[in-house]
Amino acid sequence: MKLQEIKNIDIFAKKIFIRCDFNVPMDEYNNITDDRRIKSALNTIRYCIDNDCSIILASHFGRPKDKYDEKCSLKPVAKRLHTLLKQEIKMAKNVVQEDTLKVAKYLQAGEILLLENVRYNKGETLNDKEFASKLASMADVYINDAFGVSHRAHASVDAITKHFDMQHRAAGFLLAKEIKFFHHIVHKPKRPFVSIVGGSKVSGKLQALYNLIPKVDKILIGGGMAFTFLKALGHEIGKSLVEEDLIPEAIKIIQEAKNLGVKFYLPVDVVAATSFDSEAIAKLVTAQEIPKDWMGLDIGPASALLFAQALEDANTILWNGPMGVYEMDKFAKGSTKLSHAVASSYATTVVGGGDTADLVRRTGDEDEMTFISTGGGASLALIEGKDLPGVKALVIEDK
Ligand code: AMP
């Protein structure tokens with residue numbers, strides 16, 4: 001797959017529309033608590049400034065109900081961009097109303113206009129052609145640098161691309177990096193290729209599991225989803241999270257792994273508690289001895305050791321989903337131990353998914369990973385083997 005990239009098209013002195021992902025976490029006073037997503041957009045923005053472009057930035061933020069909602073305004077993002085870029089950011093009052101289109105029209109080289117939250121307009125999530133056409137009318141060139149929403153067929157990601165030919169639409173530096181990493185890891189991994197899959201439910205990752213099994217050498221399952229597999233193997237799992245209707249699928253996946261010679265690992269011990277509560281009494285039990293009234297909320301130390309050993313010869317590791325309820329300290333040990341094991345391996349390590357990215361930041365292993373994806377849903381869609389609507393329009397060749 002070859003992407004059209006910003007560095008390969010002529011953008012000199014042009015008006016550029018950049019779709020970013022500024023959906024950053026904020027506290028109750030609208031203070032940005034983590035500006036990583038804004039910082040990771042700066043490469044593309046600075047490249048455009050250096051090329052004498054005038055720049056229109058667009059992003060969604062939260063889930064407003066198709067109208068102005070102060071809580072979902074991008075004004076705090078404008079402030080942070082101003083601090084980071086040390087230049088004025090013109091903040092639009094809306095998305096595509098006359099006054100904003102006028103500011104966009106007279107934008108000078110090096111100037112930046114940040115549109116208000118694109119989701120204030122219901123045309124955004126409906127992938128509305130008319131809304132997309134208004135957005136497109138502001139610029140000569142369209143750049144998508146918002147990996148986190150590229151799996152959504154939304155107007156500023158999908159419909160807008162129809163208004164620009166291949167010399168006038170491209171991926172920004174961040175999007176190109178994300179896509180290259182995932183494409184490479186899924187299609188040309190250095191073996192042994194080990195995938196760690198965790199998180200709450202099998203249903204959320206079923207498609208990803210089916211797509212991964214034929215590609216990996218080993219698969220390690222943890223988190224809440226492990227209990228559907230353990231139950232499928234006949235274990236008592238007490239009150240642990242389970243999807244009874246997916247037990248036949250779980251058996252099919254285990255069988256598929258066996259047929260393909262893929263080593264399939266499940267936890268051998270769990271930290272069980274009497275309730276889903278950080279104050280609950282917890283104890284360590286083997287996977288064979290989970291009491292009826294208890295629930296497994298983390299993998300135990302023997303599983304963490306087993307998984308770490310299975311990772312030892314890995315040359316590629318793809319990790320999506322925590323091993324337990326890592327948000328509660330009591331049930332974070334399994335995920336923490338695995339994070340350290342992944343971080344200390346010599347493999348190419350790719351972490352995808354919002355929770356797993358958050359986890360490796362908490363464990364302090366962030367800098368030891370080869371790549372951490374900024375988009376949870378989008379990275380899962382890529383692992384599932386799906387085409388991303390926002391990326392499809394930017395592909396030159398599909399090999
Ligand atoms: P997902 O969004 O499917 O990747 O799931 C992430 C969530 O799974 C996290 O919020 C964890 O707290 C949760 N989780 C992990 N292990 C368990 C478990 N054993 N029981 C219940 N929830 C879990």
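The values are calculated or read from the model by the stated rules, or taken from the named source; none is laboratory data. On a predicted model such as this, the values are computed, not experimentally measured, just so you know. In this analysis, Cβ positions are derived from the backbone assuming ideal geometry, glycine residues included, and neighbour counts consider all displayed protein chains.
Is one or more of the residues making up the stretch 169-186 under 26 Å from GLY324 (Cα atoms), within 16 Å of the ligand (Cβ to nearest atom), of a type in the set (A, V, I, L, M, F, W, C) and in contact (Cβ under 8 Å) with a residue 12 or more places away in the chain? Scanning the stretch 169-186, I find no residue that is under 26 Å from GLY324 (Cα atoms), within 16 Å of the ligand (Cβ to nearest atom), of a type in the set (A, V, I, L, M, F, W, C) and in contact (Cβ under 8 Å) with a residue 12 or more places away in the chain, so the answer is no. Pairing each residue of the stretch 123-137 that is at pLDDT 95 or above with any residue that is surrounded by fewer than 18 Cβ atoms within 10 Å (Cβ to Cβ) and assigned to a loop (DSSP other than H, G, I, E, B), provided the two are 6+ apart or on different chains, yields C-beta distances under 6 Å for ASN127/ALA153. When you look at ALA347, is it away from the ligand (no atom under 16 Å from the Cβ) and within 22 Å of LYS188 (Cβ to Cβ), yes or no? So ALA347 fits the description; yes. Where strands (runs of 3 or more DSSP E) sit wholly within the stretch 153-237, none has at least 2 residues that are among the charged types (D, E, K, R) and at pLDDT 95 or above.
Taking strands (runs of 3 or more DSSP E) as the structural unit, those lying wholly within the stretch 243-310 and holding at least 3 residues that are within 15 Å of the ligand (Cβ to nearest atom), closer than 17 Å to SER335 by Cα and in contact with a Phe, Trp or Tyr (Cβ under 7 Å, 6 or more places away or on another chain) correspond to 269-273, 295-299.
Per-residue answers, yes or no, for (1) under 18 Å from the mean Cα position of the chain (by Cα); (2) buried (at least 21 other Cβ atoms within 10 Å of the Cβ):
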{"position": "LYS330", "(1), (2)": "no, no"}
{"position": "SER335", "(1), (2)": "no, yes"}
{"position": "ALA343", "(1), (2)": "no, no"}
{"position": "GLY375", "(1), (2)": "yes, yes"}
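Looking only at residues of the stretch 311-342 that are part of a helix (DSSP H, G or I) and among the hydroxyl-bearing types (Ser, Thr, Tyr), we find that the one that is nearest to the ligand (Cβ to nearest atom) is SER335.
Going by what's in this entry, would ALA58 be described as out of contact with any helix residue (DSSP H, G or I) (no Cβ under 7 Å at 6 or more places or on another chain) and among the aliphatic types (A, V, I, L, M)? Here the answer is no, as ALA58 does not meet what is asked. Of the residues making up the stretch 312-326, those that are in contact with a Leu (Cβ under 9 Å, 6 or more places away or on another chain) and surrounded by fewer than 22 Cβ atoms within 10 Å (Cβ to Cβ) number 0. Restricting attention to the stretch 64-92, the residues that are at pLDDT 95 or above and among the basic types (Lys, Arg) add up to 5.
So which residues in the stretch 92-145 are charged (D, E, K, R), outside any loop (DSSP other than H, G, I, E, B) and farther than 19 Å from LYS14 by Cα, if there are any at all? Answer for the stretch 92-145, where residues must be charged (D, E, K, R), outside any loop (DSSP other than H, G, I, E, B) and farther than 19 Å from LYS14 by Cα: GLU98, ASP99, ARG119, LYS129, GLU130. No other residue among ILE247, ILE196, ILE237, ILE251 is in contact with a helix residue (DSSP H, G or I) (Cβ under 9 Å, 6 or more places away or on another chain), in the same structural domain as ALA347 (by TED's automatic domain parsing), aliphatic (A, V, I, L, M) and closer than 27 Å to VAL360 by Cα apart from ILE196.
For beta carbons closer than 6 Å, sequence separation of 6+ or different chains, a first residue in the stretch 326-344 that is more than 21 Å from PHE276 (Cβ to Cβ) and a second that is at pLDDT 95 or above and among the β-branched types (Val, Ile, Thr), the qualifying pairs are SER339/VAL360; SER339/THR363; VAL342/ILE317; VAL342/THR349. Against the definition (within 14 Å of the ligand (Cβ to nearest atom) and more than 16 Å from ILE299 (Cα to Cα)), how does LEU209 come out, yes or no? When the stated conditions are applied, LEU209 passes them. Of the residues making up the stretch 290-331, those that are touching a helix residue (DSSP H, G or I) at 6+ places or on another chain (Cβ under 8 Å) and small (Gly, Ala, Ser) are GLY296, GLY300, SER303, ALA304, ALA308, GLY321, GLY324. Taken together, ASN94, ASN117, ASN121, ASN127 contain a single residue that is on the phi > 0 side of the Ramachandran plot and among the polar types (S, T, N, Q), which is ASN127. Of the listed requirements (1) part of a loop (DSSP other than H, G, I, E, B); (2) in contact (Cβ under 8 Å) with a residue 24 or more places away in the chain; (3) out of contact with any Pro (no Cβ under 7 Å at 6 or more places or on another chain), ASN30 misses just one: (3).
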